[in-house]
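Quick one: the structure is below, questions incoming.
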Ligand code: SF4
């Protein structure tokens, strides 16, 4: 008799047969395409004047989303590539929040009478690195300054700093969505990435969130971590399902210590090899879909009744700086150091350094520092890349048609990963791990980029 575990292993094997490992097609580092053009193309020639012009050009009754960046964490994880620092100095946090408040009012002055704020998302860093009371004041400031009526509020949370005060905040402020940094449940892997986080901390946080009425809880998980085995990943998947995560984002760890110095504490020799990473990505796909989750894009999963799964099913899934999203707003205003604003005609990033960010605001300026103006060609290529990643298909007519890209696509078509009929490109079900690589074929900046610029990206799996 075949036991359940054997049957599950067999099902996994069948799925992995669908995901054939082709290292030659995955060798090229590619962006994650949370924007197009990517941040690698930003230059200092676009900054505050362009931001002001983009804000002034927002039309009456436009749907706008806000993203607020808190660049601090209680503890810094060794693998983390985010722009974040240790929240160990109260005066520094307060100075940052004061500057953030100034930025909020300056931006709101320009847009509050014409923008309808549909969503407010907090990320970082860890928004719960600040005190719960400070977070309440920050959200109130945003709501009052932008005249935001009933926005969907979401935030990223670090379970390590989550306590009953924060649980009260969740309940009182009617926070709808939370993303928890989980990564792995395996203690030996947690030790190897500098993120000690007992299972009990995570399960207690989930209990708090459910009791507070949070309707959608995402778990961020990772594969490809030091000393992480496939059994460790199975354990993370089992526990995530048992804890009832509504959404899962399963990311591959990108080891780029030349760009992220804190990753030097991780020994490359302890990392799973590339074929194992591929198997881990397939394992995640297999296990979550077998458990009833809907595969969203190339690395997200959601319960079938979650808004993200619904968007994926009905063809309205989008991609923005927070990853895959059901948010349909074409304008996202980023607030805080490092935050990026996205407008149809421009992408503009704030100062990354929190000290410089504060200084710019104290001098009466908006803190924009880098960006790019989006040309019509950028928008056309961006649409192809976004629809390929979100819907698995794209109309190539706006970027010169299928014939223009046939040579680049040939190896993917020959491998059964893509089909091209006229100008219509479709990715097959076996193409998920290759989706970013195929999307990168439609990114002219990648073929023009110097080798150094390519080094900031990672392998697609
Ligand atoms: S808690 Fe999150 S943002 Fe902070 S260092 Fe760890 S991974 Fe990075």
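Just so you know, all these numbers are worked out from the coordinates, no wet-lab data involved. As the structure is a prediction and not an experimental result, all values here were calculated from the model. Here the Cβ positions follow ideal geometry from the backbone for every residue, glycine too, while neighbour counts run over all protein chains shown.
If the label point is 7 Å along Cα→Cβ of residue 165, which residues in the range 65-93 have backbone nitrogen under 16 Å from it?
Counting backbone N atoms under 16 Å from the label point, the list is 73-75, 87-93.
Rounded, prolate or oblate: which fits the range 23-169, taking a ≥ b ≥ c as square roots of the Cα gyration tensor eigenvalues, rounded meaning a/c under 1.5, else prolate when a/b beats b/c?
Details: a/c = 1.69, a/b = 1.02, b/c = 1.66.
Verdict is oblate for the range 23-169.
Between rounded, prolate and oblate, where does the chain land on the alpha carbon gyration tensor, with a ≥ b ≥ c its root eigenvalues, rounded for a/c under 1.5, else prolate if a/b exceeds b/c? Could you put the intermediate results ahead of the total?
Working: a/c = 1.59, a/b = 1.16, b/c = 1.37.
Here the chain falls in the oblate category.
On to the next question. Arrange 294, 253 by Cβ neighbour counts within 10 Å, fewest through most, would you?
On the way: 294 19, 253 22.
With the sparsest Cβ surroundings first, the list reads 294, 253.
Also, I was wondering about something else. What is the spin-label model distance, in nm, from residue 259 to residue 215 if the labels are put 7 Å beyond Cα along the C-beta direction?
Here the answer is 3.7 nm between the modelled labels.
Also: Can you compute the modelled spin-label distance between residue 174 and residue 231, with each label point 7 Å from Cα toward Cβ, in nm?
4.8
Let me ask another. As a footprinting exposure proxy, order 256, 152, 206 by other Cβ within 10 Å, with the fewest listed first.
If I rank by nearby Cβ atoms, fewest first, I get 256, 152, 206.
Tell me, in nm to one decimal, what length is gained between residue 45 and residue 74 on full extension, where the rule is 0.36 nm per residue of separation less the Cα-Cα distance? Can you show the working numbers first?
Working: separation 29, 0.36 × 29 = 10.44 nm, distance 3.47 nm.
Taking 0.36 nm per residue and subtracting the Cα distance, the gain is 7.0 nm.
Bin width 5 Å, alpha-carbon pairs only: give the P(r) of the range 357-446 as whole percents, running from 0 to the bin holding the largest distance.
P(r) over the range 357-446, rounded to whole percents: 3, 13, 23, 20, 11, 6, 6, 5, 5, 5, 3, 0.
Quick one: if the Förster radius is 56 Å, what FRET efficiency do residue 421 and residue 90 give, using the C-beta to C-beta distance and rounding to 0.05? Spell out each step's value before the answer.
Numbers: r = 61 Å, r/R0 = 1.09.
Using R0 = 56 Å, I get an efficiency of 0.40.
Within 10 Å, count the other beta carbons around each residue, average over each peptide in 96-105, 41-50, 162-171, and list them highest first. List each step's numbers first, then the result.
Details: 96-105: 19.1, 41-50: 15.4, 162-171: 17.2.
Ranked by mean Cβ neighbours within 10 Å, highest first: 96-105, 162-171, 41-50.
Express in nm, to one decimal, how much length is gained between residue 365 and residue 27 on full extension, taking 0.36 nm for each residue of separation and deducting their alpha carbon distance. Display every interim value, and only then the final one.
Working: separation 338, 0.36 × 338 = 121.68 nm, distance 4.34 nm.
Fully extending the segment from residue 365 to residue 27 adds 117.3 nm.
Moving to a separate point now. Set the Förster distance to 25 Å, then compute FRET efficiency between residue 383 and residue 410 from the Cβ-Cβ distance, nearest 0.05. Could you put the intermediate results ahead of the total?
Details: r = 23 Å, r/R0 = 0.92.
Rounded to the nearest 0.05, the efficiency is 0.60.
Using a ≥ b ≥ c from the Cα gyration tensor of the range 53-123 (square roots of the eigenvalues), is it rounded, prolate or oblate, where a/c under 1.5 gives rounded and otherwise the larger of a/b and b/c decides, a/b for prolate? Intermediate values should be presented prior to the final figure.
Numbers: a/c = 3.35, a/b = 2.04, b/c = 1.64.
Prolate is the answer for the range 53-123, as a/c is 1.5 or above and a/b outweighs b/c.
Follow-up question, since we're still on this one. Strictly greater than 15 Å: what percent of every Cα pair in the range 140-232 meets that? Provide the component values of the computation, followed by the final result.
Values: 2696 of 4278 pairs.
Result: 63 percent of Cα pairs exceed 15 Å.
How much mean residue ellipticity at 222 nm does the chain get from its helices, if each DSSP H run of length 4 or more adds -39500 (n - 2.57) and you divide by all residues, to the nearest 500 deg cm²/dmol? Please list the in-between numbers first.
Values: 17 runs with 184 residues, N = 461.
For the chain, the value works out to -12000 deg cm²/dmol.
Starting from the exponent 0.38 and prefactor 2.2 Å, build the expected Rg for the range 384-424 from its residue count and divide its actual Cα Rg by it.
On the way: Rg = 9.7 Å, N = 41, 2.2 N^0.38 = 9.0 Å.
That works out to 1.07 for the range 384-424.
Place a point 7 Å from Cα of residue 62 in the direction of its Cβ. Which residues in the range 346-375 have their backbone N less than 16 Å from it?
346-349, 372-375
Could you give the nm distance between label points at residue 274 and residue 203, where each point is 7 Å from its Cα heading toward the beta carbon?
Placing both labels 7 Å along Cα→Cβ, they lie 4.0 nm apart.
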